[in-house]
Amino acid sequence: MRWLYRYASPATFYPVAGALAPWFFVAAALLGAAGLYIGLIAAPTDFQQGDAYRIIYIHVPAAWMSMFIYVVMAAYGVLFLSLNTRLSAMMMSALAPTGAMFTFLALWTGALWGRPTWGAYWVWDARLTSELILLFLYLGFMALQAAIEDPRRADRAAALLAIVGVVNVPIIYFSVQWWNTLHQGASVSLTASPKMARIMLTGMLIMSLAAWLYAIGASLLRVRAIILEREAGAEWLQGHVDGKAR
Amino acid sequence: MEIRARHRRFAWIAAGIVALGVAAALVLNAFRSNLVFFYTPSQVFAEEAPKNRSFRIGGLVEPGSLARASGSVEVRFRVTDNARTVPVIYHGILPDLFKEGKGVVAQGALGADGIFVASQVLAKHDENYMPPEAEEALRKAGHPVKPREEFVDKARASVQK
Amino acid sequence: MMEWLAMGGYGGYVWGAYGVAVIAIGAECIALVRRRRRAFARARAEAEVNHGD
């Protein structure tokens, strides 16, 4: 347990995050380039949707990340409330903007995919509505945290919201099975063989990995900024803020 | 300075309340009506679909049922869940993916004559993705790609229960 | 090339999706760098006040 507390201290984590973040960005850029090459050039067109299906290479990774980041955020919320580790609260706050960005992208690309395939940018079916609720949960989380002046209380309120809101994630994921929706079912799941041609699936998984690594890199950079904001004036920061601003 | 900080905090609180309010409204609205996005023909025959107001009907476009009126945008087709069938009439442009044997969701109202008058027609595509050659190869081998009929079967099962 | 850009007639939708994705990720990166710069400058100013030499 002691090692956990050691790494859970902002003073230890600040340089670690700074050293790791660039590698995640480099890996994300390389995988992203490979994924874009497969998705936009190498992969063939689809038998029923034509080239409109190529939106899948952003839409699905963005939608997966929007849900996954929220779950991780809620997990940090649980850690913070139970162990009272400051770093957990900072990580929770660091994830929210990236999660909101991916949620917005999932909705936006979904709209641009829905128009040519379904015939509508937007419908109020269970999948689309619950994903929109996810966006409002992210925005509500950020607004709530910014609204409360005392950081301790802000973190506690935001963590509570993140944990309560996590019920929405299984609703998003299973909505296409539980209810009649216009949105099609999952092409990729743990329980059935994928319903996609090999190269299309490869491209989509590579893009998802790229999005995942990007999210880690972005949240590491953001947690560094949050540590600076909150620990400004602390003794340990002295050595880190001497010299030129990078 | 003090007052500006307080104003800003008030703005954040307002933004938070608005965001959560919108989320709550969406949840309530979804639970009230939108979770049932469409009714299958069997549900329509079982009188589960709402009367006197517009609703959506979903199923497969029955193969061979699509007829276009010459010189107008009027189209007629039948929606089936392989148990019951409802005829549909629609004036407008069909989406690109509208095809016989594929999924469709139409918004509109059921006329007294049993014909569903649609104001909007949406194509419900399935979750299969493959190049055209692969699809052709499967068809030639006698294993054509099946459109997603589970959604129809599932809805029908809930009616029979 | 033109054929590729046209995306079989779906060019507007496909590039609209990819374009906004690039803009969103770019905007997040810019916001990140600016937030970090601001926080760094503040932390340094505070350090100088505390241990001024």
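The values are calculated or read from the model by the stated rules, or taken from the named source; none is laboratory data. These numbers come from a predicted model, not from an experiment. When we count neighbours, we look across all protein chains shown, and the Cβ atoms used for this are built from the backbone with ideal geometry, even at glycine.
So, in segment C:31-53, of the ones that are more than 7 Å from every other protein chain (Cβ to nearest Cβ) and either among the hydrophobic types (A, V, I, L, M, F, W, C) or under 13 Å from A:Ala232 (Cβ atoms) (or both), which residue ends up farthest from the chain's Cα centre (by Cα)? Spell out the reasoning first.
Within segment C:31-53, the subset more than 7 Å from every other protein chain (Cβ to nearest Cβ) is C:31, C:33-34, C:38, C:45, C:48-49, C:52-53.
Right, trim to either among the hydrophobic types (A, V, I, L, M, F, W, C) or under 13 Å from A:Ala232 (Cβ atoms) (or both) and you get C:31, C:33, C:38, C:45, C:48-49.
Numbers: C:Ala31: 6, C:Val33: 8, C:Arg38: 16, C:Ala45: 26, C:Glu48: 30, C:Val49: 32 Å.
Applying the filter and picking the extreme gives C:Val49.
Kindly check whether there is at least one residue in segment B:17-37 that is over 23 Å from A:Trp122 (Cα atoms), β-branched (Val, Ile, Thr) and within 14 Å of chain A (Cβ to nearest Cβ).
Of segment B:17-37, the ones over 23 Å from A:Trp122 (Cα atoms) are B:17.
Still in the list and also β-branched (Val, Ile, Thr): B:17.
Still in the running and within 14 Å of chain A (Cβ to nearest Cβ): B:17.
The answer is yes, given that some residue of segment B:17-37 is over 23 Å from A:Trp122 (Cα atoms), β-branched (Val, Ile, Thr) and within 14 Å of chain A (Cβ to nearest Cβ).
Can you confirm whether C:Glu28 is more than 13 Å from the chain's Cα centre (by Cα), part of a helix (DSSP H, G or I) and either at the interface with another protein chain (Cβ under 7 Å from one of its Cβ atoms) or modelled with pLDDT of 95 or more (or both)? In short, no. Just to be sure I understand, how many residues within segment A:7-21 are surrounded by 14 or more Cβ atoms within 10 Å (Cβ to Cβ), of a type outside the set (Ser, Thr, Tyr) and closer than 17 Å to A:Arg230 by Cβ? The number of residues fulfilling the criteria is 6. Checked against (1) in contact with a strand residue (DSSP E or B) (Cβ under 7 Å, 6 or more places away or on another chain); (2) more than 9 Å from chain B (Cβ to nearest Cβ), A:Val166 meets all criteria but (1).
The combined condition, being aromatic (Phe, Trp, Tyr), surrounded by fewer than 21 Cβ atoms within 10 Å (Cβ to Cβ) and either more than 25 Å from A:Tyr53 (Cα to Cα) or touching a helix residue (DSSP H, G or I) at 6+ places or on another chain (Cβ under 6 Å) (or both), is not fulfilled by B:Phe116. Screening A:Gly140, A:Gly110, A:Gly119 for residues that are within 11 Å of another protein chain (Cβ to nearest Cβ) and not in a helix (DSSP H, G or I) leaves exactly one candidate, A:Gly119. Against the criterion of being at pLDDT below 90 and at the interface with another protein chain (Cβ under 9 Å from one of its Cβ atoms), A:Trp124 qualifies.
Output the residue which, of all residues in segment A:159-189 that are within 16 Å of the chain's Cα centre (by Cα) and in a helix (DSSP H, G or I), is surrounded by the fewest Cβ atoms within 10 Å (Cβ to Cβ). Reasoning before the result, please.
So the first thing to find is which residues in segment A:159-189 are within 16 Å of the chain's Cα centre (by Cα), and the list is A:162-163, A:165-166, A:168-170, A:172-173.
Narrowing the set further to residues that are in a helix (DSSP H, G or I) leaves A:162-163, A:165, A:168-170, A:172-173.
Numbers: A:Ala162: 31, A:Ile163: 17, A:Gly165: 22, A:Asn168: 19, A:Val169: 18, A:Pro170: 13, A:Ile172: 23, A:Tyr173: 17.
The qualifying residue surrounded by the fewest Cβ atoms within 10 Å (Cβ to Cβ) is A:Pro170.
Applying the criterion of being polar (S, T, N, Q) and over 17 Å from the mean Cα position of the chain (by Cα) to the residues of segment A:98-154, the residue that is nearest to B:His7 (Cα to Cα) is A:Gln145. C:Gly16 meets the stated requirement of being in a helix (DSSP H, G or I) and facing chain A (nearest Cβ under 7 Å).
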